[in-house]
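Q: Here it is: the structure, laid out below.
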Amino acid sequence: MKTREEVPLDDRWNVEALYPNQNAWEQAFKKFVPNPQKSPHWPALQQYQGTLEKDPKKVKEALDLMMGIDRELSKLYTYAHLRHDEDIANPQFKKNYEQILTLAHAFAQETAWFQPELMALPDTVLNQFLASPILSDYHFYIEKMIRMKKYTLSPDNEKLLALAGQALQTSYKTFSAINDADFKFGSVENSQGEAKPLSHASYGIYIREQDRLLRERVFKQYHQKYETYENTLCELLTGQVQNHLFQARARQFSSCLESALFPKNIDTSVYHALIEAVHERLDVLHRYMQLRKRILQLDELHLYDIYVPLTSAVDIRMPYAEAEKIVIESVAPLGKEYQEFLRKGFQKQRWVDRYENQNKRSGAYSSGCFDSLPYILMNYKDLLRDVFTLAHEAGHSMHSLYSRKTQPYQYSDYPIFLAEVASTFNEDLLTRLLIERCKDPHEKIFLLNQKIEDIRGTLFRQTMFAEFELLIHQHVEQGTPLTPQLLKQEYRQLNQTYFGPATVIDPEIEIEWARIPHFYYNFYVFQYATGISAALALAEKVVDGQEKDRTAYLSFLQGGSSKYPIDMLKMAGVDMTSPAPVKAAIETFDRLLSELEQLLNQTATV
Ligand SMILES: [Zn+2]
């Protein structure tokens with residue numbers, strides 16, 4: 001494998017667009033903070049402490065100053081973090097990266113007074129601020145802050161809550177330690193008698209293998225490990241739910257769910273509507289399971305049979321240059337301007353760090369800041385999966401590009417609830433193009449199956465998770481203790497409901513809850529389901545739609561965080577407060593499934 005120095009310029013991202021070299025970065029750092037040891041690092045900021053009540057001009061000055069520092073800090077951070085990921089063993093990059101992290105931490109501390117001081121002002125003063133033309137650039141920013149006021153405690157109590165913060169992370173940290181470090185899963189024999197080492201990463205691979213005996217063995221062995229620790233894992237999950245309940249009750253929210261969704265301004269009805277809409281159409285998921293059983297020619301479809309591809313003979317490969325080309329082509333429905341920005345980004349501005357090299361960070365992401373290109377890290381290996389990853393990350397990068405071009409600094413980032421819409425949208429456009437072009441029926445089956453699996457994993461599975469999460473919080477809210485027996489029983493029931501009569505619900509699945517880190521994230525996973533629903537509904541609209549649908553979608557990309565996420569999606573053309581987008585996504589699943597059934601029937605008769 002190439003060392004970083006050996007990677008040709010065209011295959012590297014253009015970090016020089018930020019700073020010409022490491023030396024220039026260090027100069028800029030020095031100029032920004034001449035003495036990193038001395039605090040406060042930004043004495044000018046401290047001058048505003050205690051002055052906010054006086055007049056909106058002070059508030060604006062303080063905010064302008066804060067945003068200016070933040071912006072410069074992000075630029076320095078972006079360069080250091082990109083270089084760090086190019087070669088994580090490079091000591092210079094590592095040092096610079098740690099320097100900037102320390103500085104970012106100092107910035108957070110030195111600005112921590114701002115929000116509490118503002119929130120402590122009387123409502124009359126805050127309303128004057130909101131109405132003041134001086135603060136018009138920050139109107140929504142302040143409005144969001146004021147919204148939280150109702151649930152903000154007295155300064156003393158807030159301090160106490162903050163103090164408890166670290167101790168309250170123990171459940172999650174312990175879960176991570178046991179799950180990521182302490183647990184060893186041994187090895188499993190495949191049907192050839194070869195020992196296969198089992199880990200989190202290899203589990204994901206083996207469970208998709210054609211070797212059924214291997215699948216069955218890894219499924220059982222993997223879950224049995226968790227079963228052995230069911231009491232510990234149950235206590236840890238209980239601890240985390242208790243943590244959420246403590247926060248919710250301390251701030252007088254009516255429920256854990258409300259406490260988690262209120263800061264995003266998402267009504268709890270959105271959450272319930274998602275679950276309800278999915279429940280209404282579980283028949284299509286059941287139909288898919290029946291199809292699996294038939295095509296795989298199984299007497300019994302077990303839970304270790306649900307990830308294996310329905311065709312095994314397909315291996316689509318594509319060199320990187322071709323992947324760029326097809327991703328650019330696939331976004332044609334978004335118009336010439338969008339396409340040209342992306343082409344320029346790929347081919348002229350060098351957004352993408354294309355291939356693996358020694359000590360490069362694994363995986364893929366889109367990253368950058370207000371003053372940078374929307375960089376993409378890839379570890380491209382010619383697989384079809386990599387082409388989709390490129391489309392996905394390009395979706396994020398184009399969202400960033402449009403938001404940063406259009407919004408002022410304070411609204412240029414998009415929130416988590418919206419983050420996966422643009423990326424999933426672009427994956428969908430790519431699927432459409434590939435399926436449209438595909439001549440070989442087996443390839444087409446493969447592509448359809450992949451898309452169906454995407455929707456199953458993101459919409460159905462994550463909604464089942466969301467339902468489980470809601471259940472366990474409700475149990476604790478009502479004073480019912482969580483026991484391994486209760487959790488297993490609830491989890492089994494959910495699996496039965498979701499997978500339907502064609503699937504054998506193996507007893508090992510009852511413990512699956514014990515291995516899902518997302519159950520510690522506080523009502524996070526439902527956003528995967530709403531995200532893909534919004535993306536599919538929007539793609540359907542834009543592809544078949546008129547100019548106004550495309551314009552609406554582009555204005556969503558331009559919106560950043562200038563509105564609440566639900567309002568932003570409304571602007572794009574989907575109303576997440578209604579069940580319609582989720583229903584439409586399931587319709588898409590239904591349509592793809594019918595196509596797949598038809599193709600499979602045809603190829604079987606050929
Ligand atoms: Zn993503």
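The values are calculated or read from the model by the stated rules, or taken from the named source; none is laboratory data. In this text the structure is predicted, and so the values were computed from the model without any measurement. Note that each Cβ is placed from the backbone with ideal geometry, even for glycine, and that neighbours are counted across all protein chains shown.
Q: What helices (runs of 4 or more DSSP H) lie completely within the stretch 216-294 and have 3 or more residues being out of contact with any helix residue (DSSP H, G or I) (no Cβ under 6 Å at 6 or more places or on another chain), over 30 Å from Lys196 (Cα atoms) and not hydrophobic (A, V, I, L, M, F, W, C)?
A: Hits in the stretch 216-294: 230-250, 268-280.
Q: Taking the stretch 29-51 on its own, how many of its residues are of a type in the set (A, V, I, L, M) and surrounded by 16 or more Cβ atoms within 10 Å (Cβ to Cβ)?
A: Residues meeting the conditions: 2.
Q: Counting only residues that are of a type outside the set (Ser, Thr, Tyr) and surrounded by fewer than 18 Cβ atoms within 10 Å (Cβ to Cβ), which one in the stretch 517-529 is nearest to Leu282 (Cα to Cα)?
A: Checking each candidate, the answer is His518.
Q: Between residues in the stretch 1-27 that are over 19 Å from Gln349 (Cβ atoms) and residues that are surrounded by 10 or more Cβ atoms within 10 Å (Cβ to Cβ), which pairs lie under 6 Å by C-beta distance while being six or more apart or on different chains?
A: Qualifying pairs under 6 Å: Met1/Gln358; Lys2/Asn357; Thr3/Gln358; Arg4/Glu86; Arg4/Asp87; Arg4/Asn357; Trp25/Tyr19; Trp25/Tyr79.
Q: Every residue in the stretch 550-588 that is within 21 Å of Asp454 (Cβ to Cβ) and buried (at least 18 other Cβ atoms within 10 Å of the Cβ), please. Walk me through it before giving the result.
A: Our first condition is that a residue be within 21 Å of Asp454 (Cβ to Cβ); within the stretch 550-588, this holds for 553, 569, 572, 574, 576, 579-588.
Answer for the stretch 550-588, where residues must be within 21 Å of Asp454 (Cβ to Cβ) and buried (at least 18 other Cβ atoms within 10 Å of the Cβ): Tyr553, Leu569, Ala572, Val574, Met576, Pro579, Pro581, Val582, Ala584, Ala585, Ile586, Thr588.
Q: Kindly list the number of the only condition in (1) in a loop (DSSP other than H, G, I, E, B); (2) modelled with pLDDT under 90 that fails for Leu160.
A: So the condition that Leu160 fails would be (1).
Q: If you don't mind, there's one more thing I want to ask. What is the number of the single condition among (1) more than 14 Å from the ligand (Cβ to nearest atom); (2) among the hydroxyl-bearing types (Ser, Thr, Tyr); (3) within 30 Å of Lys144 (Cβ to Cβ) that Ser397 does not meet?
A: Here Ser397 meets the rest and fails (1).
Q: Now a separate question. Give the residues of the stretch 344-360 that are surrounded by fewer than 20 Cβ atoms within 10 Å (Cβ to Cβ) and part of a loop (DSSP other than H, G, I, E, B), sorted by residue number.
A: Of everything in the stretch 344-360, those that are surrounded by fewer than 20 Cβ atoms within 10 Å (Cβ to Cβ) and part of a loop (DSSP other than H, G, I, E, B) turn out to be Lys348, Gln349, Tyr355, Glu356, Asn357, Gln358, Asn359.
Q: Right, here's the next one. Every residue in the stretch 586-606 that is at pLDDT 95 or above and either under 21 Å from the mean Cα position of the chain (by Cα) or of a type in the set (Val, Ile, Thr) (or both), please.
A: The answer is Ile586, and nothing else.
Q: While we're here: For the condition over 25 Å from Tyr151 (Cβ atoms), over 24 Å from the mean Cα position of the chain (by Cα) and of a type in the set (Ser, Thr, Tyr), what is the one hit in Thr102, Thr111, Thr78?
A: Result of the check over Thr102, Thr111, Thr78: Thr102.
Q: Next question, about the same structure. Could you list all residues from the stretch 231-264 that are closer than 27 Å to Ile586 by Cβ and at pLDDT below 95?
A: Listed by number, the list holds a single entry, Lys264.
Q: Spot the failing condition for Gly457; the list is (1) closer than 19 Å to Leu291 by Cβ; (2) at pLDDT below 95; (3) more than 16 Å from the ligand (Cβ to nearest atom), and only one is missed.
A: So Gly457 meets the others, but not (3).
Q: Also, quick follow-up: Could you tell me which numbered condition Ala181 fails, if it satisfies all but one of (1) out of contact with any strand residue (DSSP E or B) (no Cβ under 6 Å at 6 or more places or on another chain); (2) of a type outside the set (Asp, Glu); (3) touching a residue at least 24 places away in the same chain (Cβ under 8 Å); (4) in a helix (DSSP H, G or I)?
A: The one condition Ala181 does not meet is (3).
Q: So which pairs qualify, if the first residue must be in the stretch 64-83 and in contact (Cβ under 8 Å) with a residue 40 or more places away in the chain and more than 17 Å from Asp137 (Cα to Cα), the second must be aromatic (Phe, Trp, Tyr) and not in a helix (DSSP H, G or I), the Cβ gap must be under 8 Å, and the two must be at least 6 apart or on different chains?
A: What qualifies is Ser74/Phe370; Lys75/Phe370; Thr78/Tyr375; Tyr79/Tyr19; Leu82/Trp13; Leu82/Tyr375.
Q: Count, please, the residues in the stretch 36-58 that happen to be in contact (Cβ under 8 Å) with a residue 12 or more places away in the chain and not in a loop (DSSP other than H, G, I, E, B).
A: 5
Q: Here is a follow-up. Given the conditions (1) in contact (Cβ under 8 Å) with a residue 40 or more places away in the chain; (2) over 16 Å from Ala539 (Cβ atoms); (3) not polar (S, T, N, Q), and given that Lys451 satisfies all but one, which numbered condition is not satisfied?
A: In the conditions (1) in contact (Cβ under 8 Å) with a residue 40 or more places away in the chain; (2) over 16 Å from Ala539 (Cβ atoms); (3) not polar (S, T, N, Q), Lys451 misses (2) alone.
Q: So in the stretch 380-393, with the set limited to residues that are away from the ligand (no atom under 16 Å from the Cβ) and not in a loop (DSSP other than H, G, I, E, B), which one is farthest from Leu430 (Cα to Cα)?
A: Taking the candidates together, the pick is Leu383.
Q: Just give me the residues in the stretch 284-300 being farther than 17 Å from Leu592 by Cβ and modelled with pLDDT of 95 or more, in sequence order.
A: Correct list: Lys293, Leu298, Asp299, Glu300.
Q: For the condition in a helix (DSSP H, G or I) and small (Gly, Ala, Ser), what is the one hit in Ala313, Ala321?
A: On the way: Ala313 fails: in a helix (DSSP H, G or I).
Every option except Ala321 fails the conditions.
Q: Please indicate, with yes or no, whether at least one residue in the stretch 475-487 is over 23 Å from the mean Cα position of the chain (by Cα) and under 29 Å from Leu291 (Cβ atoms).
A: Residues of the stretch 475-487 over 23 Å from the mean Cα position of the chain (by Cα): 475-487.
From what is left, the residues that are under 29 Å from Leu291 (Cβ atoms) are none.
Taking every residue of the stretch 475-487 in turn, none turns out to be over 23 Å from the mean Cα position of the chain (by Cα) and under 29 Å from Leu291 (Cβ atoms).
Q: Tell me which residues, restricted to the stretch 423-454, are within 16 Å of the ligand (Cβ to nearest atom) and either in contact with a Pro (Cβ under 6 Å, 6 or more places away or on another chain) or of a type outside the set (Val, Ile, Thr) (or both).
A: Ser423, Phe425, Asn426, Glu427, Asp428, Leu429, Leu430, Asp454
Q: Of everything in the stretch 361-371 that's surrounded by 21 or more Cβ atoms within 10 Å (Cβ to Cβ) and assigned to a loop (DSSP other than H, G, I, E, B), which residue is nearest to the ligand (Cβ to nearest atom)?
A: Gly368
Q: To continue, here is another question. Going by what's in this entry, would Leu377 be described as within 20 Å of the chain's Cα centre (by Cα), closer than 27 Å to Lys548 by Cα and either surrounded by fewer than 22 Cβ atoms within 10 Å (Cβ to Cβ) or more than 15 Å from the ligand (Cβ to nearest atom) (or both)? Even if it seems obvious, please write down each step before you answer.
A: Values: within 20 Å of the chain's Cα centre (by Cα): yes; closer than 27 Å to Lys548 by Cα: no; either surrounded by fewer than 22 Cβ atoms within 10 Å (Cβ to Cβ) or more than 15 Å from the ligand (Cβ to nearest atom) (or both): yes.
No: the conditions fail for Leu377.
Q: For the stretch 403-422, which residues satisfy the criterion of being under 20 Å from Val352 (Cβ atoms) and buried (at least 24 other Cβ atoms within 10 Å of the Cβ)?
A: Correct list: Ser403, Ala422.
Q: Six or more apart or on different chains, Cβ under 7 Å: which pairs go from a residue in the stretch 409-420 that's touching a residue at least 12 places away in the same chain (Cβ under 8 Å) and of a type in the set (Ser, Thr, Tyr) to one that's within 14 Å of the ligand (Cβ to nearest atom) and assigned to a helix (DSSP H, G or I)? Could you list them?
A: Partner pairs satisfying both residue conditions: Tyr414/His399.
Q: Filter the stretch 400-422 for residues that are within 11 Å of the ligand (Cβ to nearest atom) and modelled with pLDDT under 95 and give the result.
A: The answer is Ile416, Ala419, Glu420.
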